[in-house]
Amino acid sequence: MHSGSRDWAVDCRIGSRWFCEIVQHSLWPMDENLFRWGIERWQSWGIPTVVASIAALVTWFLARRTELKEARRVKADSAVDSQVFRALQNRDLWGASRPMTGAGDRLVRSAELAEALSLDCEVVADSLERLEAKGRVKNEGGTLDNPAPYWFALHR
């Protein structure tokens with residue numbers, strides 16, 4: 001804190017035409033009672049600042065809510081896609097007596113993948129469509145007796 005004779009000022013307060021009162025006051029009013037100064041300023045500065053900060057935070061969160069939901073969904077989809085792709089590549093998971101491509105890749109239906117991974121069939125089907133759009137798996141089509149498509153992983 002400040003102290004010393006340089007931190008004080010002297011003023012002449014004129015009370016009347018013939019009277020002048022000499023007043024000494026501190027140049028640093030906070031030195032005398034910092035707590036009281038803070039309380040007085042809290043009402044004029046602090047409350048509006050806190051209210052404005054909370055309003056800005058709520059506005060930011062509401063604006064980003066859909067972005068945050070989308071990011072979580074993409075992360076979950078990515079985990080399922082990775083799991084489905086690894087299962088399609090795993091030759092040990094599928095028996096030897098399965099339909100195969102000309103390159104020797106085993107063909108798997110989405111329902112069989114869902115059962116092997118303990119996932120919902122719709123989730124696996126959506127994952128396979130995303131992976132096909134990325135060029136990581138291929139739809140080989142179904143058969144006359146079962147039109148559900150067969151899938152296999154593409155090798156890079």
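The table for this structure:
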item: Mean separation of Cα contacts under 8 Å (6+ apart) over length of region 38-156, as relative contact order %; result: 22
item: Theoretical gain in end-to-end length, Cys121 to Phe61 [0.36 nm per residue, Cα-Cα removed]; result: 18.2 nm
item: Computed FRET value (nearest 0.05) for Ser44 with Glu129, which takes r as the C-beta separation and R₀ as 35 Å; result: 0.05
item: Over region 91-156, relative contact order from alpha-carbon pairs under 8 Å, at least 6 apart, %; result: 28
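Computed from the coordinates by the stated procedures, all read-outs in this text should not be read as laboratory data. Predicted model, so just to flag it, every value in this text is computed and none were measured. Glycine gets a Cβ as well: all are built from the backbone with ideal geometry, and neighbour counts include every protein chain shown.
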